[in-house]
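To start, the structure under review is shown below, and the notes come after it.
Read the figures in this text as sums done on the coordinates, not as results from a lab. Since we're looking at a predicted model, the values are computed, not measured. Here the Cβ is made from the backbone with ideal geometry for all residues, glycine too, and neighbour counts use every protein chain on show.
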Amino acid sequence: MNKRLEMIRQLLSELEVEMNATTAPAGDRDFSALELPLIIREIVDDLQLLLEPYDAAFYWFLFRHSIAKDGSPHFRVSTRSLRRAVVKSAHAQDGEKTISLGKVQDTLRALETIGAIRKEGEPNREGTLYRILIPEEIEACQKFRSERMASEPELFIDTSDIDYYNVRQNRIRVFERDGYLCRHCQKQLTRYTATLEHVIPVAEGGGNSLENLVTACLDCNSRKNKRAVGDSPAEQ
């Protein structure tokens, strides 16, 4: 069992190295077609309301040609191609269906500022490599969602009867509540690296309620061994 866990940890470490590489790996986020509707809904609910019209148009274009295309969060694009491909300007003169280079650069900076995209290396003749982030990875979206949860609790009904462990969409609500941070080591996670840990183990009568689950990374979760939630694995 320990050998298997070590192999899993090694694979996760290698995956993290690949995800942080400056080249664009194909499908490194391993999105499935079944997840896209949920991601799109989160973009509409938690990100689009924070964007100006041009920002939203650019983001959807980048999303369409990265995550929605093959699961990869990376896309290399030039400002010249964006001028032609994203938005047909209503103010273009002499039939020129492009927007200004300055507007493209301003819009990309706006998306970087809000955290919706991130540069992943220096530009070359093919353009600049960007990583396109989704709402769960964007701090502004997490803050916006938290504010909505506080002001409109009826949209986020919590009851102890709901299974937050086995139902995928409910699992995500636990991750969102914890800000996708491991409760033990505070490592920043995503829905693809986060796991759920029972505060009171099932063997001791713990259930799958929201209150009995916390977010943990695989490494801390595998080392739990009935460790009290809140204890640091480094202290074991």
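Numbers for the structure displayed
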item: From phi via Karplus (6.51, -1.76, 1.60), per-residue ³J(HN,Hα) for the range 122-127 in Hz, x at Gly/Pro; result: 7, x, 10, 5, 8, x
item: Förster-model FRET efficiency, 25 Å R0, GLU211 and LYS119, C-beta, rounded to 0.05; result: 0.05
item: Under-5 Å amide H pairs with HIS74, H placed in peptide plane, nonlocal only; result: ILE132
item: Under 5 Å, built H, 5+ apart or other chain: amide partners of LYS187; result: CYS182
item: For TYR54, TYR130, TYR192, order by how many other beta-carbon atoms lie within 10 Å, fewest first; result: TYR192, TYR54, TYR130
item: Extension gain, ILE162 back to ASP45 (0.36 nm per residue minus Cα-Cα distance, nm); result: 39.8 nm
item: GLU126 versus GLN169: modelled label distance in nm, points set 7 Å from Cα along the beta carbon direction; result: 3.8
item: Peptide ranges 144-151, 179-186 listed from the most packed, as the mean C-beta count within 10 angstrom indicates; result: 179-186, 144-151
